[in-house]
């Protein structure tokens, strides 16, 4: 019931701007419902549907599901009318939330118009990035490791003594480790040297054979004992395989650059005075 209610509220909130027909706007198509003096046209329903992700839009092509959505749109108008009769729209809390919502909507529209609307990455740029950063996509040695992480060196020494006395690495990890991986016997899965902190990477890649372990290694997270489980090599990643990742990375960077430029331009146009000394 709670999950259903949350979905319903999400749909209702999505519709609060678009569902109520504008009095001055001429609508196309037949009237699907009348609620008091207000009408819901086929155009209103179609405009609602395109606000959803493609998968949901496909779901809403079925007539029975369109009827369900129409019922929700009717309920929204009913509830809005009821809220106004209750004076909710005149309350200070509502006005404060409406003011904040308008600000957030304005900022979202600004970013959409001035930042996201001008972003594009073509195939030539993707290929150029791939060529200039081939090291990122070259074959790389991966290691599957497990570890025991403790807060203090004394705790790590205690765990190491148990290992030397023959207790399995998995059992000692479950008993002494403070890392969530303890639930899996310390298993961290496959790692690449550049993806972990230097002290851990150096120790993990110095272990000479599968099944062997390191001594106690200190990092910013605490004290580790590392066990090498397996070794393999990740094949080179082709341009085709990397294309989507590169496009996402370039788009993200350009989005940030465009936002920073816009923000600087906006700041340059207004005088800003901060009284940080007044903070308590």
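Observations on the model:
- Folded to 0 to 90 degrees: helix 2-15 orientation relative to the chain principal axis, Cα: 50
- Between the range 58-75 and the range 234-256, the alpha-carbon center distance in angstrom: 38
- Kirkwood-type hydrodynamic radius, the range 139-234: 13.1 Å, calculated from all non-identical alpha-carbon pairs.
- Spatial extent of the range 64-198: Rg and Dmax, with the Cα atoms as the point set, Å: 29.0, 76
- The sum of -39500 (n - 2.57) across all DSSP H runs of n ≥ 4, divided by the residue count of the chain, sets its helix-only mean residue ellipticity at 222 nm to -16500 deg cm²/dmol.
- Prolate/oblate/rounded label for the range 169-220 (Cα gyration tensor, a/c 1.5): prolate
- log10 of Debye I(q)/I(0), alpha-carbon scatterers only, for the range 35-119 at 0.10, 0.12, 0.16 Å⁻¹: -0.41, -0.59, -0.94
- Just so you know, the averaged projected area of the alpha carbon convex hull for the chain sits at 26.6 nm².
- Inter-site label distance for residue 86 and residue 71 at 7 Å from Cα along Cβ, in nm: 2.2
- Rounded FRET efficiency, nearest 0.05, which uses the C-beta distance separating residue 236 from residue 171 and R0 of 51 Å: 0.85
- Debye log10 I(q)/I(0) at q = 0.19, 0.26, 0.32, 0.35 Å⁻¹ for the range 108-149, Cα point scatterers: -0.74, -0.91, -1.00, -1.08
- Fluctuation leader among 270, 140, 231 - the chain, Gaussian network, Cα springs under 10 angstrom: 270
- Packing here is the average count of other Cβ atoms within 10 Å per residue, and on that basis the peptides 141-153, 118-130, highest first, run 141-153, 118-130.
- Theoretical FRET efficiency, 1/(1+(r/R0)^6), r = Cβ-Cβ of residue 219 and residue 265, R0 51 Å, to 0.05: 0.75
Every read-out reported here was derived from the displayed coordinates using simple, explicitly stated rules and does not represent laboratory data. Note that the structure is predicted; figures quoted are calculated from it, not measured. For neighbour counting, all protein chains shown are included, and Cβ atoms are generated from backbone atoms with ideal geometry for every residue, glycine included.
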